[in-house]
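Structure, as structure tokens:
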Amino acid sequence: TGIVVNSQTGECLYSRYITSSLDLSNLKLAVFCGCETAYGGEGANNLPTVVVQKGAATAIGFKESIYCADANTWTERFFYYMSLGYSVQAACNAVMDEDISWIKRETISSFIICGSKQTTL
């Protein structure tokens, strides 16, 4: 079982690449910090939605394209807040409240949280 994160045909990442027998019930949090990993939003045929459907407690992805530097900063700040005991939703909110003026807010604000927004690490 597994997840194919790239196809040789250059297709977008959709859940059809997730095998039917994949069991993620022991996965607490999956973060897909890449362009359009949550294309279509919550409930659409995208990685975060299907990972939660396969048993993960929580999954995060981005509906739009995100610059690598912005993705790296978002991820670093998100896990900083998670390490302090914040919930997933609170950590996302804290990152958005920071004064990181060089980041394109419209791209980092395109994240979606599937599953429990109260998950902590």
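Quick notes
- Residues located in the range 20-38, provided they are assigned to a loop (DSSP other than H, G, I, E, B) and small (Gly, Ala, Ser): 20, 21, 25, 34, 38
- Residue 19 being in contact with a strand residue (DSSP E or B) (Cβ under 9 Å, 6 or more places away or on another chain), modelled with pLDDT under 90 and closer than 19 Å to residue 116 by Cα: no
- Of residues in the range 46-79 being among the aromatic types (Phe, Trp, Tyr) and modelled with pLDDT under 95, the one most open to solvent (accessible area, probe 1.4 Å): 67
The values are calculated or read from the model by the stated rules, or taken from the named source; none is laboratory data. Computed from a predicted model, the values in this text were never measured in an experiment. Ideal geometry is used to build each Cβ from the backbone, glycine not excepted, and the neighbour counts take in all protein chains shown. Surface accessibility is based on the protein's heavy atoms, side chains included, excluding ligands, DNA and RNA. Shrake-Rupley method; radii C 1.70, N 1.55, O 1.52, S 1.80 Å.
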